[in-house]
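The values are calculated or read from the model by the stated rules, or taken from the named source; none is laboratory data. None of the values given here were measured: they were computed from a predicted structure. FYI the Cβ positions are ideal-geometry reconstructions off the backbone, even for glycines, and counts take in every protein chain you see. Note: accessible area is taken over every heavy atom of the protein model, side chains too, but ligands, DNA and RNA are not part of it. Shrake-Rupley method; radii C 1.70, N 1.55, O 1.52, S 1.80 Å.
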Amino acid sequence: MPVDEFVDIGVLFGVFLSLIMIVAQLLLVKKDQKNYLFITAIACLGIYQLSLCFGMFGQIEHWQEIFRPLYILGMAALFSSIPAIFFFFRSLPDAEYALNKYALPHLLIPIFAAVSLLLFGRFPVNPSVAPPNYYDFIYKNSLAVRVIDMLSIICALLYFSFLFVFYYLRAKKAESHSKRNIIFVLYFLFLSLFFLLIYFQSIKDSEYLYYVFRLRFTIMLSGVFVFGYRFPYIANIVKLEAYREYYYKSQLANVNVELILKSLEQMMEKEHAYRENGLTMNMVAKSLDISSHQLSEIFNTRLETTFSAYINEKRIGFAEELLLKEPYKSVMMVAMECGFNTISTFNKAFKKKTGLSPSEYRKTKKSGKTINAD
C-alpha cells in the first residue's frame, strides 16, 4: 500500500473516531458546559480531518470542485477547534467554570481564515490540471493557503503554550490525588507542541515527518479515547458516567445516595466526625448504615475524591480556623484536636494545601499578608 494512501486511511479513521466520541458525549445523561466544549472541539477536528482525506475519493468526477468549499470549511473548523480545546482544558480545574463575553472575540479567528481563503485562495477545478495529490498542489500554488496554514500553526502554538504553562504551575501546587490528572494533561499538551515542531521540521527536508504531522489528530484522538477511560479528567465524564451507571445498578441500587450525602455532610459539619483520631472509612460507613465499598463508590462517583483526601480537607480547614481563633494553642494541640495522629503528618498535609507550615500560616495571617495557595 502506498504511504499516501495509508496516511489518508489513518486520517479517515480519525473522522470515525471523532464521531464515536461525539456520540458518547451526547448520550450522557448529565451534560454541562465542559461536555459541550469537548463536543465542539472534537467535531471541529473531525470536520478538518474529513477535508484532509477527501483526496481519497479521486475517482469521483470533478471532485476538486467539492474540495474547495470542504477545504475552506475544514480550515475554519481547525481554527475553531483551537480556542475550543483551549477553553475546554481551561475549564477542567474549575467546578463552576463558565464562558463569558470575553470568549466571543476568539470566534473572529475562524471567520478571518474562511474569508481569506474565499477571497484569495486559488483552487483550480480542471481535473486535467490538478494532480491526484490535490492538497499538496494547492499548498504549493496558493499563497493564501500557505499563509492560513502557517497561521493555524502559530495560533495553536500560542494557545497550547499558554495552557502548558497554566497546567505546569497548577501541577507544582496540586495535591497528590489530583496531580496525576494534571500531569496527563501536560503530556497531552506536550504531544501537541511536539507535533507542531514536527511540522516546522517537515517543511525543511522530511516528507515522512509531514505524514506524521497529518496523522497528529488521529494519534491524539486515539490517545484521548484510550487513556480517557483511565483518566476521566481529560475525556471528562465518559468513564465517570459509566461508573455511575455500573454502581447504581449494582452496589448502590437500593441506596438513597442523596440522603447518604446529606448525612455525611451533617456528620462532618455539625458533628465534626473528622476530628476523631484514627477515623476510618469502615467507621463512617457503619454510622451511615452502608458498606465501606458502597461509601467508596459514592466518594469516587459523586464527590470525585478519595476518603482520605476528603477527611484531610475537612481537618485542614478546621485547623486553619483554630490556628487563628485560638493562638494560645500550640501546633501540636491543634493537630491532635483536628484528628491527626502525628505532628509530622499534620505539617505535611497542611503545607500541601496552603503552601505554608502551620506556624508560618499563623504568623502570615496575623501580620495581614496575603497567602497564595492553590
Charge dipole of segment 295-374 built from unit charges on the beta carbon (Lys, Arg +1; Asp, Glu -1), centred at mean Cα; most positive-end Cα among TYR361, ASN300, MET333 is TYR361
In the structure shown, of LYS172/LYS314; LYS172/LYS348; LYS270/LYS352, the pairs separated by more than 18 angstrom at the C-alpha atoms are LYS172/LYS314; LYS270/LYS352
Heavy-atom accessible area per residue of segment 257-303, all protein chains kept, 1.4 Å probe, expressed in Å², is 55
For segment 320-354 the chymotrypsin sites (Phe, Trp or Tyr not before Pro) that pass both the DSSP coil test and the at-most-15 other-Cβ-within-10 Å test are TYR328
Given pairs LYS262/LYS365; LYS329/LYS365; LYS262/LYS363; LYS101/LYS365; LYS31/LYS351 and cut-off 27 Å on Cα-Cα distance, the over-length ones are LYS262/LYS365; LYS262/LYS363; LYS101/LYS365; LYS31/LYS351
Summed over the other residues with a beta carbon less than 13 angstrom from that of LEU117, with K and R at +1 and D and E at -1, the charge totals +2
Of all trypsin sites (Lys or Arg not before Pro) in segment 328-360, the ones in DSSP coil with at most 15 other Cβ atoms within 10 Å are LYS329
